[in-house]
Amino acid sequence: MSEILNETDELRTLRHSASHIMAQAVKRLYPNVKLAIGPAIDTGFYYDFDIDTPFTQDDLEKIESEMKKIVKENLKIERFELPRPEALKLMADEPYKTELINDLPEGEVISFYKQGEFTDLCAGPHVNYTSKVKAFKLLNATGAYWRGSEKNKMLVRIYGVAFKTKDELEDHLEKLEEAKKRDHNKLGRDLELFTTSELIGQGLPIMLPKGARIIQLLQRFVEDTEEARGWLLTKTPYMAKSDLYKLSGHWDHYKEGMFVLGDEEKDKEVFALRPMTCPFQYQAYLNRARSYRDLPLRYNETSTLFRNEASGEMHGLIRVRQFTISEGHLMCTPEQLEGEFRHCLELAIYLLKTVGLYEDVSYRFSQWDPNDREKFIGTPEQWNEAQGIMGKILDHLNIPYKVGIGEAAFYGPKLDIQIKNVHGKEDTLVTIQIDQMLAEKFGMEYTDADGVKKNPYIIHRTSLGCYERTLALLIEKYAGAFPTWLAPTQVKLMAISEKHVDYVNDIASKLRKAGIRAETDIRNEKIGYKIREAQLEKVPYMLICGDKDIEAGTVSVRSRKEGDKGAMAVDDFISAIRKEIDERVLNI
């Protein structure tokens, strides 16, 4: 029976078929290679190979040329099924395929696809002839652990893209070139925002002065906004005894992702760096007895956290091992829950709109997986109640969300605000969680109006999320040309010659007193050279000072966005740029 596919399914089927054509080409050129997996993905396709020598760019060109031959051969792609013993016999020379077959549950259909001399274990679907795959391009080869675990062998992964037409492919390749220019991992280093050191370690970036300044600006903005909205700032330790994490459940459900200090078998006390702040802020709540009059109680913190991410998962500032987030925990009564959840969401939306990222986000309602009981605490009844409450809140707020099964925190459902980087990889930027379990575990109570002690509901939330990840996304969003209010250097003043240096320094001092981040360029270089350098640094405004400016008490203004704006009185320029900064104009 034929399947009716929508446009997205058709493209995934085409890309999946392209991955098989690539694997066939590799097998023809390198017969000793062992095959792993080759799925279609949102951005194209890939295939993992076990080969002694990594593929070079020249190798990719040879593979792509062989793929074109396979397409011209117009090979029929046929599906067939085998019982387990015969399937294992067919794949006897392919250890990774054999492992996949052995992992299939009893009674599972074991299907294969054959095209010419090439046969692969696969659930499908595929196009019916290789000639249907016409517009494709191999992009790069990189390392990838088998099954994503660094405990397994490192394989070689070839990435490619495929589209239905050559025009669509060319358009996509142009976008990829633009994405390369905006990639924060390169652009952030070129602009000297951050760096890394092998001596320090992977996933531990060093913020250089410009990058540190942007993060400081974001943190101050977030903390001031949260304070104005009734949040109370806490500062809690970076580590705690294992007892705290055992009580919260992190020890049982998150220990592999934590940095543990000590050995439980040898040491009297074992500590761990905190992967999140919630159990610490609960201790602030427990500092004294609470009544319903104390609620809602909103704690926020600029929290530095530590998570032992797998080396293959880390990328620039997007995913790191030490990071800082705008974290908060809110304790409230059941009656206050929906209103407080709405306020948390409104806070996140306001902050994301102000920095210019809101138009790029989507929502995911992250729920538990009842078939994965080891990952989650609580009973099905508790989860159904919490998810039911959250679903009603999201519907009341008209939030357009997708459901993510198994993506919940181990203690409760959450609303994840998702965003993609320039390469199409999606990550969570902000999260808001409902928790009705941990308050009871920690003995957190309040006395209600009827005199009865009850456990509060807890909302876990971030407001702008992880600052490092936010900086990465801002670099890519603006291609390094940050809005004036976020730019590490807002104004670059340039002397045309040595006789103008004192005037430049005087104006720079006046700008700094007005709270404007100004730098001077008084080198003995041609003014055109200085302007080009400031443009490469993506400084919002350049002020060029010469004889006429000294005589008139003006500055010649050059805007990054609008070019030459002519002479302007110094006070007028200060007023204009201060307005732009104070209103946090985005300059998109």
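For the range 414-476, averaging the sequence separation of C-alpha pairs within contact (under 8 Å, six or more residues apart) and dividing by the residue count gives a relative contact order of 32 percent.
What number results when the radius of gyration of the range 419-568, computed over Cα atoms, is divided by 2.2 N^0.38 Å? Here the answer is 1.72, to two decimals. Using a cutoff of 8 angstrom between alpha carbon atoms and counting only pairs six or more residues apart, the relative contact order for the range 239-327 works out to 27 percent. Between amide H atoms placed 1.01 Å from N, distances below 5 Å from Leu305 occur with Phe323, Thr324, Ile325, all of them 5 or more places distant or on a separate chain. Sorted on the mean count of surrounding Cβ atoms within 10 Å across their residues, most packed first, peptides 328-335, 365-372 read 328-335, 365-372. DSSP beta bridges fully contained in the chain are about 85 percent antiparallel. Amide H contacts for Val430 (H built 1.01 Å from N in the peptide plane; partners 5 or more residues away or on another chain; cut-off under 5 Å): Ile417.
Nonpolar atom fraction for the range 539-581, defined as the carbon and sulfur part of the 1.4 Å probe accessible area, stands at 48 percent. Here the spin labels are modelled as points 7 Å beyond Cα on the Cα-Cβ line, and at Lys151 and Asp582 they lie 6.0 nm apart. In the chain, the DSSP-assigned H stretches of four residues or longer account for a calculated mean residue ellipticity at 222 nm of -11500 deg cm²/dmol, using -39500 (n - 2.57) per stretch and the full residue count as denominator. Computed from the Cβ-Cβ distance with R0 of 51 Å, the FRET efficiency linking Lys561 to Ala92 stands at 0.20. When peptides 503-516, 13-26 are ranked by their average number of other Cβ atoms within 10 Å per residue, the highest-first order is 13-26, 503-516. Span-like helices, the chain: DSSP H, alpha-carbon axial extent 15 Å or more, mean Kyte-Doolittle -1.0 or greater, which ones? Span-like helices, by this rule, are 7-29, 209-228, 337-355, 380-396, 467-478, 501-513, 570-582. 3J(HN,Hα) couplings calculated from phi for the range 518-524 with the Karplus curve 6.51 cos²θ - 1.76 cosθ + 1.60 (θ = phi - 60°) are, in sequence order, 10, 10, 10, 10, 10, 5, 7 Hz; Gly and Pro show x.
Across the range 426-442, rounded Karplus estimates of 3J(HN,Hα) from the backbone phi angles (6.51 cos²θ - 1.76 cosθ + 1.60, θ = phi - 60°) give 8, 9, 7, 9, 9, 9, 10, 10, 9, 9, 10, 10, 6, 4, 5, 4, 8 Hz, Gly and Pro being marked x. Can you tell me which lysines have their Cα less than 25 Å from the Cα of Lys453? Leave out same-chain residues fewer than eight positions away. Counting by Cα, and skipping residues close in sequence, Lys453 has these lysines nearby: Lys246, Lys441. Sparse packing (at most 15 other Cβ atoms within 10 Å of the Cβ) combined with a DSSP loop state is found for none of the trypsin sites (Lys or Arg not before Pro) in the range 108-144.
With each label modelled as a point 7 angstrom along the Cα→C-beta vector, the Thr304-Val403 pair spans 4.2 nm. Return the FRET efficiency for the residue pair Leu247, Glu498: r is the Cβ-Cβ distance, R0 is 60 Å, and the value is rounded to the nearest 0.05. The calculated FRET efficiency here is 0.30.
Scanning residues 5 or more positions from Gly465 or on other chains, those with amide H under 5 Å from its amide H are Ser326, with H placed 1.01 Å from N in the peptide plane.
Under 17 Å of direct C-alpha separation, and excluding same-chain neighbours fewer than eight residues apart, Lys510 reaches these lysines: Lys492, Lys579.
Straight-distance candidates among the aspartates and glutamates for linking to Lys153, with alpha-carbon spacing under 12 Å and chain neighbours fewer than 8 residues away dropped: Asp48, Asp50, Asp52. Note on Ile405: accessible area is roughly 100 Å² with a 1.4 Å probe, heavy atoms of protein only. With Cα atoms as the point set, the radius of gyration and Dmax of the range 347-419 evaluate to 13.7, 40 Å. Enumerate the calculated ³J(HN,Hα) couplings along the range 445-454 in order (Karplus 6.51 cos²θ - 1.76 cosθ + 1.60, θ = phi - 60°), each rounded to whole Hz, writing x wherever the residue is Gly or Pro. Running phi through 6.51 cos²θ - 1.76 cosθ + 1.60 with θ = phi - 60° gives 9, 9, 8, 7, 4, 8, x, 8, 7, 9 Hz. What the chain shows is 49 Å² of accessible area per residue, with the surface traced by a 1.4 Å probe over protein heavy atoms. Taking 8 Å as the Cα distance limit and 6 or more residues as the minimum spacing, I'd like the relative contact order of the range 208-277 as a percentage. Worked out over the range 208-277, it gives 29 percent.
Given their separation in residues at 0.36 nm each and the Cα-Cα distance between them, Glu551 and Glu117 gain 147.9 nm when the chain is fully extended.
The values are calculated or read from the model by the stated rules, or taken from the named source; none is laboratory data. Being a predicted model, the structure only gives us computed values, none of them experimental. Positions of Cβ are generated from backbone atoms using ideal geometry, with glycine treated the same way; all protein chains shown enter the neighbour counts. Note: areas computed on protein heavy atoms with side chains; ligands, DNA, RNA excluded. Shrake-Rupley method; radii C 1.70, N 1.55, O 1.52, S 1.80 Å.
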